[in-house]
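**Q** Quick one: the structure is below, questions incoming.
The values are calculated or read from the model by the stated rules, or taken from the named source; none is laboratory data. Bear in mind that the values here come from a model prediction, so they are computed numbers and not experimental data. Every residue, glycine as well, gets a Cβ built from its backbone with ideal geometry; the counts of neighbours run over all protein chains shown. Areas reflect the complete protein model, heavy atoms only, side chains present, ligands, DNA and RNA absent. Shrake-Rupley method; radii C 1.70, N 1.55, O 1.52, S 1.80 Å.
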Amino acid sequence: MTEELNWYQTLVPYTQVVDELKVKLRGMRKQFEIENKHSPIELVTGRVKPVQSMLDKARRKKLHDDEIEDVLQDIAGVRVVCQFVDDIYTIVELLRKRDDFDIIEEKDYIQHKKESGYRSYHVIIKYPVQTIHGKKYVTAEIQIRTLAMNFWATNEHSLNYKYKGQIPADIQKRLKRAAEAAFQLDEEMAKIKDEVQEAQWIFNQIRPQVKEVGEHR
Ligand code: 0O2
């Protein structure tokens, strides 16, 4: 069996973990909607790291094959995007109360932004998944961020890919400025959060058919 094929087999439970987490987090959003409450969850996405990108990261970190699953915490990754910064902390509280997985680490890159300008809250979990060979504990990373943080991170990620991690200094400078602008946007929106939520509540009352038919997320 080739090395890649072997990894595809190893990563099967990771796909299941991502799928299960997406269902559970989207279920939380639905519950808030049904109860007519503001949902701290706007949208949920997830992915298993592509094998090549996992092996590249392992090489950068000088890992042996048998260390990869233990050291790389984001092979299974789920992203929760929200409207407001305090929604992020509401979601973290909800995750802490759950008993279907254990939180092993939290990284608050909002209070402590990265040098690049990156902001997000990462929750690393150990998730028990049932396989045909029995129970397996899979490490997964839940990234929680606002729409503004997500916009910035998505663009920065593309540039990093384009420049193979060596973004030119002038673009880096602009990215840092853009990160501050995104932060300001979140701060301003936080100040009118109640107004926005009231408007959204009114919209949902008069347009229930949009909620039922228009499943966008
Ligand atoms: P991808 O393609 O999203 O999977 P390290 O990558 O070594 O710096 P570590 O220890 O793996 O960091 O953990 P950390 O800091 O929690 O970062 C894991 C993931 O967070 C990254 O995975 C990114 O998805 C995201 N991330 C962290 N820092 C940045 C950043 O500066 N910019 C952007 N856009 N995303 C970031 P990968 O494997 O880097 O990438």
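**Q** Would you check if there is a residue in the stretch 46-67 being aliphatic (A, V, I, L, M) and either more than 16 Å from the ligand (Cβ to nearest atom) or more than 29 Å from Tyr161 (Cα to Cα) (or both)?
**A** no
**Q** Report, ordered by the first and then the second residue, all pairs with beta carbons closer than 9 Å, sequence separation of six or more or different chains, a first member in the stretch 82-108 that is more than 21 Å from Ala190 (Cβ to Cβ), and a second member that is open to solvent by 10 Å² or more (accessible area, probe 1.4 Å) and basic (Lys, Arg).
**A** Filtered contacts from the stretch 82-108: Arg98/Lys24; Asp100/Lys24; Phe101/Lys126; Asp102/Lys126; Ile103/Arg96; Ile103/Lys126; Ile104/Lys126; Glu106/Arg96.
**Q** Further, regarding this structure: Which count do you get for residues in the stretch 133-147 that are assigned to a strand (DSSP E or B), more than 14 Å from Lys49 (Cβ to Cβ) and either free of Cβ contacts under 8 Å to residues at least 40 places away in the same chain or among the small types (Gly, Ala, Ser) (or both)? Spell out the reasoning first.
**A** Within the stretch 133-147, the subset assigned to a strand (DSSP E or B) is 134-146.
Within this subset, residues satisfying the condition of being more than 14 Å from Lys49 (Cβ to Cβ) are 134-137, 142, 144-146.
In the following step, the residues that additionally are either free of Cβ contacts under 8 Å to residues at least 40 places away in the same chain or among the small types (Gly, Ala, Ser) (or both) were identified as 134-135, 137.
Going through the stretch 133-147 one residue at a time, the tally reaches 3.
**Q** Could you check the stretch 26-41 and list, in sequence order, the residues that are within 15 Å of the chain's Cα centre (by Cα) and charged (D, E, K, R)?
**A** If the condition is that a residue be within 15 Å of the chain's Cα centre (by Cα) and charged (D, E, K, R), then Arg26, Arg29 are the ones that fit.
**Q** If I filter the stretch 111-132 down to residues being hydrophobic (A, V, I, L, M, F, W, C) and touching a residue at least 40 places away in the same chain (Cβ under 8 Å), which single residue comes out as nearest to the ligand (Cβ to nearest atom)?
**A** Only one residue fits best here, namely Ile124.
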